[in-house]
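Laboratory data are not the source of any read-out in this text; all were calculated from the coordinates shown. All of these numbers come straight from a predicted model, not from anything done at the bench. Please note: Cβ atoms are built from the backbone with ideal geometry, for glycine as well, and neighbour counts cover all protein chains shown.
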Amino acid sequence: MIPYGRQTVDDDDVQAVVEVLKSAWLTTGPNVELFERSVANAAGSKHAVAVSNGTAALHCAMHALRVGPGDEVIVPAITFVATANAAVFEGATPVFADVEADTLTIDVASVEARITPRTKAIVGVDYAGQPCAWEELHALAQKHGLPLVADGCHAIGASYKGRPVGSLAAMTAFSFHPVKHVTTGEGGAIATDDDELAARLRLFRAHGIATDHRTREQRGTFHYEMVELGFNYRICDIQCALGVSQLKKLAPWVERRRAIAARYREALPSIDGLEVLRDRPEARNAYHLFVVKLPADADRAGVHRKLREAGIAANVHYMPVHLHPFYRDRFHTEPGLCPVAEREWQRILSIPMYPAMSDADVDFVVAALKTALR
Ligand SMILES: *Cc1c(COP(=O)(O)O)cnc(C)c1O
């Protein structure tokens, strides 16, 4: 089966993990710091705070901004549910903005229309690996004095106007789930340039306790104090050793993803009515996903089934978040709220995209898609 995405784990990755298993620290050891430095380097940020997963990273970001009950956080309708859930974890209300039809990233005009006196933050999602219209988002956020958060879970290694994803918002959340660009099994991180935000993120990651076990051990002290309510969102040293080893290969992997995308972009337009997403000329897409829009009259479930029969596991990213029963019940988000997202999502399909794919695999997917649509 050719999946829509898959991790690459090499012998050097295995070796890195085995070494940690034989060392003194299995969690919160030297590899966490090393991994944080590697993430900050890739993200072009001063700090990176590593956590247990991307959802935790988004939750930490909401907490660090002091988002709370009565606040609204603007998020795009098309994203993974965790983007919106993070605001709900802190008691806030997610407000769904529509997306651009041709990139499926957040529509800045729709964001502007959703801003109220209760708005506390705007979250942009670099969907499928493509940065949002960050310059326009910045202008809008500045006008209203609002912080920007990036959900960069699809987009480590991408850039916008020469600046890496991780340096485009006050905080950027990353995920290291196996289907993302680099993996730690489960893992996440928040990139920021702000010293105070970084300190709040670190506190929230570890129960609201200011020192960790290793620091106390090094200082020869047992005393610690909890200063606020936090979670155990730690990532362990075993995971971070894998992450450090994986991040060394980020650049060539993104290159390979871009080469696969170029091959798709050349071949796919020969299929009648099929469209690919627009690439912003000012951005460098890291291609977490390759999303196509099927012809408007195509039977997506049927195409999905025929691809499966051919050995290809396509997927859909995503049903608009406000259409999920939880959001409809709790926040009364009815269909019609984000008409572009609601129309476009019905046509989208994520076809295989991962660095280990061969050119022959790409050609096989294109041919299977052609047959499935016939
Ligand atoms: C993967 C992902 C997340 C959540 O990351 P996990 O590590 O799975 O918790 C959040 N937002 C987006 C857009 C994602 O793709």
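Report summary: the helix-based calculation at 222 nm, which adds -39500 (n - 2.57) for every DSSP H run with n ≥ 4 and divides by the residues of the chain, gives -12000 deg cm²/dmol. A quarter of the convex hull surface defined by the alpha-carbon atoms of the chain gives 18.8 nm² as the mean projection. Of the residues GLU90, GLU19, GLU72, the one that moves most in a GNM of the chain with alpha-carbon contacts below 10 Å is GLU19. The share of C-alpha pairs in segment 20-104 whose separation exceeds 15 Å stands at 68 percent. Once you reduce segment 238-307 and segment 1-48 to the center of their Cα atoms, the two points are 24 Å from each other.
Shown for the chain are the DSSP H helices of 18 Å or more along their axis, judged by Cα atoms, with a mean Kyte-Doolittle hydropathy of at least 0.5: 359-373.
Working from label points 7 Å from Cα in the Cα-to-Cβ sense, the GLN142 to ARG219 distance is 4.0 nm. One chain, two ends: SER23 and GLU112. Fully extended at 0.36 nm per residue, the span grows by 26.9 nm beyond their Cα-Cα distance.
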